[in-house]
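Data block below; observations after.
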Amino acid sequence: MKKILVLSSSPRRGGNSDLLCDQFVQGAQEAGHAVEKIFLRDRHIGYCTGCYTCVKTQGICAQKDDMSEILEKILQADVLVLGTPVYFYCMSAQLKTVIDRCVARYTQIQNKEAYLIAAAGENDRKAFDGTITAFRGYLDCLENVREAGMVLAQGVPLKGEVAHTAYMQQAYELGRNA
Ligand SMILES: Cc1cc2nc3c(=O)[nH]c(=O)nc-3n(C[C@H](O)[C@H](O)[C@H](O)COP(=O)(O)O)c2cc1C
């Protein structure tokens, strides 16, 4: 049994990446894993200010918001799933904000598998290039955090329309085999 943390970063609850996150969750639960999904819009997470208080305090951020709890969950997880819409050819600001706030304890984020779930309006694989680069850049900064898979749902501009595509099954299978 693995501990799986899913961070769903679209502001659209029930939107495309969020639905794909749910599919992953369902598959992973059926496989017997302990899964938690956090819908970031429900949380208060400030931007990293680059103050480096965390360096002086060995990992305690100056900001008192929901990120300390989320960071603890990231540290505890065996598997991280990052769900995002493609916004201007990159990940959402919500997800990037969480990634930036990891700076407080990023050297401790180790030995995990990571998945990317992304949805884009355009029907072109290239629409994901920036998001994939940002995802891999995050992983490159972490010790032994391995890219384990991706669901890249293209051609789904409208909220929830991914429900009628084969990406749903793909996300389910990825969770099932996590
Ligand atoms: C601010 C904003 C920027 C967007 N930028 C892009 C883009 O660069 N490329 C693209 O293919 N789609 C873009 N889209 C469309 C979304 O990627 C698309 O609606 C997707 O389904 C959103 O995923 P969600 O339902 O998980 O929020 C953009 C949408 C918004 C609101």
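Taking only the range 152-178 into account, find how many residues are outside any helix (DSSP H, G or I), in contact with a Gly (Cβ under 9 Å, 6 or more places away or on another chain) and farther than 10 Å from Phe24 by Cα. Explain how you work it out, then say what you get.
Within the range 152-178, the first condition is being outside any helix (DSSP H, G or I), and the residues that meet it are 152-160, 165-166, 177-178.
Adding the requirement that they be in contact with a Gly (Cβ under 9 Å, 6 or more places away or on another chain) leaves 154-160, 165, 177-178.
Retained after the next criterion (residues that are farther than 10 Å from Phe24 by Cα): 154-160, 165.
Residues that pass the stated criteria total 8.
With respect to Asp78, determine if the residue is touching a Lys or Arg at 6+ places or on another chain (Cβ under 7 Å) and surrounded by fewer than 16 Cβ atoms within 10 Å (Cβ to Cβ).
Considered against the rule, which asks whether it is touching a Lys or Arg at 6+ places or on another chain (Cβ under 7 Å) and surrounded by fewer than 16 Cβ atoms within 10 Å (Cβ to Cβ), Asp78 comes out as yes.
Could you list all residues from the range 1-23 that are assigned to a helix (DSSP H, G or I), open to solvent by less than 10 Å² (accessible area, probe 1.4 Å) and out of contact with any Pro (no Cβ under 8 Å at 6 or more places or on another chain)?
Passing the criteria: Asp18, Leu20, Cys21.
Condition check: in contact with a Pro (Cβ under 6 Å, 6 or more places away or on another chain) and farther than 21 Å from Lys3 by Cβ. Does Ala119 satisfy that?
Values: in contact with a Pro (Cβ under 6 Å, 6 or more places away or on another chain): yes; farther than 21 Å from Lys3 by Cβ: yes.
Against the criterion (in contact with a Pro (Cβ under 6 Å, 6 or more places away or on another chain) and farther than 21 Å from Lys3 by Cβ), Ala119 qualifies.
Take the residues in the range 136-178 that are β-branched (Val, Ile, Thr) and touching a strand residue (DSSP E or B) at 6+ places or on another chain (Cβ under 6 Å); name whichever of them is nearest to the ligand (Cβ to nearest atom). It would help to see each step written out before you state the result.
First, pick out the residues of the range 136-178 that are β-branched (Val, Ile, Thr): 145, 151, 156, 162, 165.
Filter once more, keeping what is touching a strand residue (DSSP E or B) at 6+ places or on another chain (Cβ under 6 Å): 145, 151, 156, 162.
Values: Val145: 23, Val151: 11, Val156: 5, Val162: 7 Å.
Taking the candidates together, the pick is Val156.
Need the failing condition index for Gln26 against (1) assigned to a helix (DSSP H, G or I); (2) under 15 Å from the mean Cα position of the chain (by Cα); (3) of a type outside the set (Phe, Trp, Tyr), just the number.
(2)
Tally the residues that are away from the ligand (no atom under 16 Å from the Cβ), assigned to a helix (DSSP H, G or I) and in contact (Cβ under 8 Å) with a residue 24 or more places away in the chain, restricting the search to the range 69-94. Steps first, answer last, please.
Taking the range 69-94 first, the residues away from the ligand (no atom under 16 Å from the Cβ) are 69-80.
Applying the additional criterion that residues be assigned to a helix (DSSP H, G or I) yields 69-76.
From what is left, the residues that are in contact (Cβ under 8 Å) with a residue 24 or more places away in the chain are 70-71, 73-76.
Within the range 69-94, residues that are away from the ligand (no atom under 16 Å from the Cβ), assigned to a helix (DSSP H, G or I) and in contact (Cβ under 8 Å) with a residue 24 or more places away in the chain number 6.
I need every pair where a residue in the range 21-42 that is in contact (Cβ under 8 Å) with a residue 60 or more places away in the chain has its Cβ under 8 Å from the Cβ of a residue that is open to solvent by 30 Å² or more (accessible area, probe 1.4 Å) and aromatic (Phe, Trp, Tyr), sequence separation at least 6 or different chains.
Gln23/Tyr172; Phe24/Tyr172; Gln26/Tyr172; Gly27/Tyr172
Which residue pairs have Cβ atoms under 6 Å apart, sit 6 or more places apart or on different chains, and have a first residue in the range 136-150 that is of a type in the set (Phe, Trp, Tyr) and a second that is part of a helix (DSSP H, G or I)?
Once the first residue is of a type in the set (Phe, Trp, Tyr) and sits in the range 136-150, its partners that are part of a helix (DSSP H, G or I) give Tyr138/Ile99.
Out of the range 95-135, which residues are away from the ligand (no atom under 15 Å from the Cβ), farther than 20 Å from Phe24 by Cα and of a type in the set (Lys, Arg)?
Arg101, Arg105
Is there a residue being within 16 Å of the ligand (Cβ to nearest atom), open to solvent by less than 80 Å² (accessible area, probe 1.4 Å) and either touching a strand residue (DSSP E or B) at 6+ places or on another chain (Cβ under 8 Å) or under 26 Å from Arg105 (Cβ atoms) (or both) anywhere in the range 40-59?
Our first condition is that a residue be within 16 Å of the ligand (Cβ to nearest atom); within the range 40-59, this holds for 40-42.
When the remaining residues are screened for being open to solvent by less than 80 Å² (accessible area, probe 1.4 Å), the result is 40.
Within this subset, residues satisfying the condition of being either touching a strand residue (DSSP E or B) at 6+ places or on another chain (Cβ under 8 Å) or under 26 Å from Arg105 (Cβ atoms) (or both) are 40.
Yes: the range 40-59 contains one or more residues that are within 16 Å of the ligand (Cβ to nearest atom), open to solvent by less than 80 Å² (accessible area, probe 1.4 Å) and either touching a strand residue (DSSP E or B) at 6+ places or on another chain (Cβ under 8 Å) or under 26 Å from Arg105 (Cβ atoms) (or both).
The values are calculated or read from the model by the stated rules, or taken from the named source; none is laboratory data. In this text, all values refer to a predicted model and were calculated from it rather than measured experimentally. Cβ: placed from backbone, ideal geometry, glycine included. Neighbour counts: every protein chain shown. Ligands, DNA and RNA are stripped out before the accessible areas are found, and what is left, the full protein with its side chains, is counted by its heavy atoms. Shrake-Rupley method; radii C 1.70, N 1.55, O 1.52, S 1.80 Å.
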